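Heads up: the structure comes next, in structure tokens.
The values are calculated or read from the model by the stated rules, or taken from the named source; none is laboratory data. Because the structure is a prediction, the values reported are computed rather than measured. Heads up, the Cβs are rebuilt from the backbone with ideal geometry, glycines too, and the neighbour counts pull from every protein chain shown. Heads up: the accessible areas ignore ligands, DNA and RNA and are worked out on the full protein's heavy atoms, side chains in. Shrake-Rupley method; radii C 1.70, N 1.55, O 1.52, S 1.80 Å.
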Amino acid sequence: MAKRDPFKYFKSSPEIIRLPVMLYVRFPLSLRYVEDLLHERGIDVSYGTVRYCWNRFGPMFASEIRRKRVQKLRAFSTWQWHVYEVFLNTKGEHHYLWQAIDHEGEVLENVVTKRRNKGAALKMLRKMMRRYGRPEVLVTDRFLSYRAALRDLGCDDLQACGRWLNNRIENSRLPFRRRERAMQRFRQMRSLQKLVAVDSSVFNHFDQGRTLSRRDICKLNRTAALAKWRSLGAA
């Protein structure tokens, strides 16, 4: 069965549609900043159009990126995960962003919940293990809900806690915090969950670990990532 073309009824070309989505998700820019950057490149669109493209195609692009990365990650044994939760304020309401990364710093999952308890931790861990399998080590802080959730899953022996063991995930929140400042906080839990899911997938796609490779290798990886982005959604 032929794949349906998602750009079929749009007058703009797929390249024009992918560009504002990439600029908005990859960099901590507002909708109006993206509009100004596109105008500099000779593309006359309003910030409302940028919002529409992001809402319509952002989750689709992220889903395609995530599906391909999950297939690669499940082909190898998962060594170590780091899990942490971040406090958020959404229109005066308290929410929590649960984030998980692997031992290389790649974002695995983001889940937004209203509470910080055993049920929220269980939701996060079940979603991760259903998608990626079980790790050999699960590094967390000393929050007791992790131990209770892992006990329900029958894998409480995987947990590792230590004073400096979870330092790797501390810096993984920085891109999200930059996005939060650019958007002047978040307004709805549903839109926040949608944003972090798309943002983490696009960040993984373009993050080449510049400090871990030579410049010539980084340039090749960056070119390959951009070429794959331009092929997303292709029929």
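Structural remarks
- When all alpha carbon pairs of the range 132-184 are counted in 10 Å bins from zero, the resulting P(r) reads 21, 38, 27, 13, 0 %.
- One Cα centroid belongs to the range 176-224, the other to the range 18-33; the line between them spans 11 Å.
- Rounded to two decimals, the Cα radius of gyration of the range 145-235 over 2.2 N^0.38 Å is 1.48.
- Radius of gyration and Dmax over the Cα atoms of the range 63-167, both given in Å: 13.7, 43
- Potential lengthening between L212 and E40 on full extension [0.36 nm per residue; Cα-Cα distance subtracted]: 58.6 nm
- Solvent-accessible area, 1.4 Å probe, carbon plus sulfur percent, for the range 119-186: 46
- Rg over Rh for the range 1-139 works out to 1.05, using Cα positions for both radii and the Kirkwood form for Rh.
- Modelled spin-label separation between K219 and R4, with each label point placed 7 Å from Cα along the Cα-to-Cβ direction: 4.3 nm.
- Loop sites by DSSP among the GluC sites (Glu not before Pro) of the chain, restricted to those with at most 12 other Cβ atoms within 10 angstrom, leave 1-103 as the longest stretch without any of them.
- Backbone geometry of the range 26-38 corresponds, through the Karplus equation with coefficients 6.51, -1.76 and 1.60 at θ = phi - 60°, to 3J(HN,Hα) couplings of 6, 10, x, 10, 7, 4, 6, 5, 5, 4, 5, 5, 5 Hz, x marking Gly and Pro.
- For the range 180-204, backbone nitrogen atoms closer than 11 Å to the point 7 Å from Y33 Cα along Cα-to-C-beta are found at 180-184.
- Springs join every pair of Cα atoms under 10 Å in this Gaussian network model of the chain, and among L97, L220, L38 the largest mean-square fluctuation is at L220.
- Between helix 215-230 and the chain: long-axis angle, C-alpha atoms, 0 to 90°, nearest 10: 70
- Evaluating 6.51 cos²θ - 1.76 cosθ + 1.60 at θ = phi - 60° for every residue in the range 92-107, the Karplus couplings come out as x, 9, 8, 10, 10, 9, 9, 10, 10, 10, 8, 6, 9, x, 7, 6 Hz, glycine and proline recorded as x.
- Residue-normalised accessible area of the chain, given per residue in Å² at a 1.4 Å probe: 59
- Looking at the range 194-233, the pairs of alpha carbons with a distance over 11 Å make up 65% of the total.
- Using 0.36 nm per residue and subtracting the Cα-Cα separation, the extra length available between K91 and K123 on full extension is 9.1 nm.
- Alpha carbon convex hull of the chain, volume per residue in cubic angstrom: 152
- Computed FRET value (nearest 0.05) for E136 with R69, which takes r as the C-beta separation and R₀ as 22 Å: 0.65
- Kirkwood analysis of the Cα pair distances in the range 1-65 returns a hydrodynamic radius of 12.3 Å.
- Computed in the context of the full set of protein chains, the accessible area of the range 54-99 at 1.4 Å probe radius has 51% of its extent on carbon or sulfur.
- Taking only alpha carbon atoms, the range 31-70 gives an Rg to Rh ratio of 1.14, where Rh is the Kirkwood radius.
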